[in-house]
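Bear in mind that the values in this text are calculations on the coordinates, not laboratory data. Note that the structure is a prediction, hence the values are computed from the model and not measured. As a convention, Cβ positions derive from the backbone with ideal geometry for all residues, glycine included, and neighbour counts pool all protein chains shown.
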Amino acid sequence: MVNSMVRWLVLVCASLVVSLAYANEAAPASADPVLEARMLSITAELRCLVCQNQTIADSHAELAVDLRQQVREMLQKGQTDKQIMDYMTARYGDFVLYRPPFKSTTMLLWVGPGVMLVAGLVMLVLILRRRSRMPQDRFDPEEPEGVDDPYARPSERTLS
Amino acid sequence: MKNLRFLVPLAIFIGMVGFLFKGLYLDPREVPSPLIDKPAPAFSLQILDKPDTTFKRDDMLGKVWLLNVFASWCVACREEHPLLVEFSRMKMLPIYGLNYKDERMAGLKWLGTFGNPYEASLYDHDGRVGIDYGVYGVPESFLIDAKGVIRYKQIGPFTPEAIQTKLIPLVQQLKKEAGNG
C-alpha cells in the first residue's frame, strides 16, 4: 500500500518536471507580444520546407524554429514585411510563399481554376440552350421512339 | 463523328492519368533553388577542428569547389558519406564540409568514424550559414565556380549516378571555364 503511494507520488513529481520542462521550451523567445503577433502573421504566409504542408508559424521542425527566430530578429531591426518575404524567397524560392507571385511560371496556377470554371459555365449554357431548342416531346419518357435510343429499356422497344 | 463523342470523357480520363502518372515520379522535396547561378552567400566560419582559424567564402575565389552540408545527426549523410570519401580520392576538386547545426565534438567524432573527405569542415553551429544557403534537408551540396557563383545544388544524398552523370561533367566544364577566363 505504502509502496504504491510512493510510486504514485514519484509519477506525479516526474510528470510535473516534464511539464515544466515543456513549459520552458514553449515560452516565446520575444517578450514583446506585438512583435510576436507580427512574426506569427508573417510566418503563417510561409511554407516550412521540412514538412511542406505546414506553415513556418505552425511547424515544430528545427528549421522552422530557427526561421521564426530569424524573422523576430529582422523585425527587431525594423525591417518591413516585404524585406522579410524577399529574404525568404531569395533563399528558398517562391515555393516558400503560400501565395506565390503572379508570373509566367505560375500563370496556370492562378488562372487555371478560373478558366476551368468559365469553360464549365460556357458548356453548361450551351447544353441548356440546345435543350431548350429541342421539341418538348424529346423529354417525354412515354415517347415511343425507343427503337434508335440505345438507352431505352428492352420493354419500351417492344412497345413501339 | 457524332458517334465518337463517347470517346471525349475517355480522352480526358487518359489525360488525367498521364498527369498523375508523371506526378508519381516527381519529388516534392526537390525544390529548385533560387541560388543557382547566383553568387554564393558570404560567410566567415570557424574551422571544425581549429576553433581559432576562420574560413571565408572569398578564400575560395578562383577555385572550383564543392560545399557539402553534413551533420552527425543526419542519417542520410551516412549513406552519402562513403561516396564522398571515394570521390575525394579522385582529387578532382577541393571538397569542404559545412557541419550544420551540430556539436563540435560530435562532428569531429563522426568524421573520425566515417572518414574525412573534406579539405576542412566549417562549423555552422547555429545554422545561420545554412539558412543563407537555403538548406532545408541535410545532406545538400553546392558546386561553386571560380567566380564564387553557385552552379549546381544537390538536394539530398549524392548517388553514384548523380556523381557520374551530373557532378563530374559539370566540374570538368567549370574547370575549363576557369582556365579560359
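The charge dipole of segment B:35-180, taken about its Cα centre with unit charges on the Cβ of Lys, Arg, Asp and Glu (plus for the first two, minus for the last two), comes to roughly 320 debye.
Straight-line cross-link partners of residue B:176 among the aspartates and glutamates, defined as a Cα under 12 Å from its Cα and at least 8 positions apart when in the same chain: B:145. Since only B:113, A:43, A:80 are under comparison, the one whose Cα sits farthest along the positive direction of the charge dipole of the protein assembly as shown, derived from C-beta charges on Lys, Arg, Asp and Glu, is A:80. For the segment B:122-131, counting C-beta atoms of other chains within 10 Å of every residue's C-beta and taking the mean gives 2.
Computed on segment A:28-101, with alpha-carbon pairs under 8 angstrom and 6+ residues apart, the relative contact order is 29 percent. For the listed residue pairs A:82/B:147; A:103/B:153; B:147/B:175, the alpha carbons are over 20 angstrom apart in A:82/B:147; A:103/B:153. Hey, if you put +1 on the Cβ of every Lys and Arg and -1 on every Asp and Glu Cβ in segment B:122-181, which of B:123, B:155, B:173 ends up farthest toward the positive end of that dipole? So the residue we want is B:173. In a reduced charge model with +1 at each Lys and Arg Cβ and -1 at each Asp and Glu Cβ, segment B:119-181 shows a dipole moment near 300 debye about its Cα centre. Per residue of chain B, the DSSP helices (runs of n ≥ 4 H) give a summed -39500 (n - 2.57) that works out to -10500 deg cm²/dmol at 222 nm.
Rounded to the nearest 20 debye, the dipole magnitude of the protein assembly as shown is 660 debye, with +1 charges on Lys and Arg beta carbons, -1 on Asp and Glu beta carbons, and the Cα centre as origin.
A simple spin-label model places the labels of residue A:99 and residue B:26 2.3 nm from each other, with each point 7 Å out along Cα-to-Cβ. Taking the number of Cβ atoms within 10 Å of each Cβ as an exposure proxy, the fewest-first ranking of A:87, A:98, A:92, B:96 is A:98, A:87, B:96, A:92.
Within the same chain, lysines fewer than 8 places from residue B:109 are excluded, and of the rest, those with a Cα less than 25 Å from its Cα are B:50, B:56, B:91, B:101.
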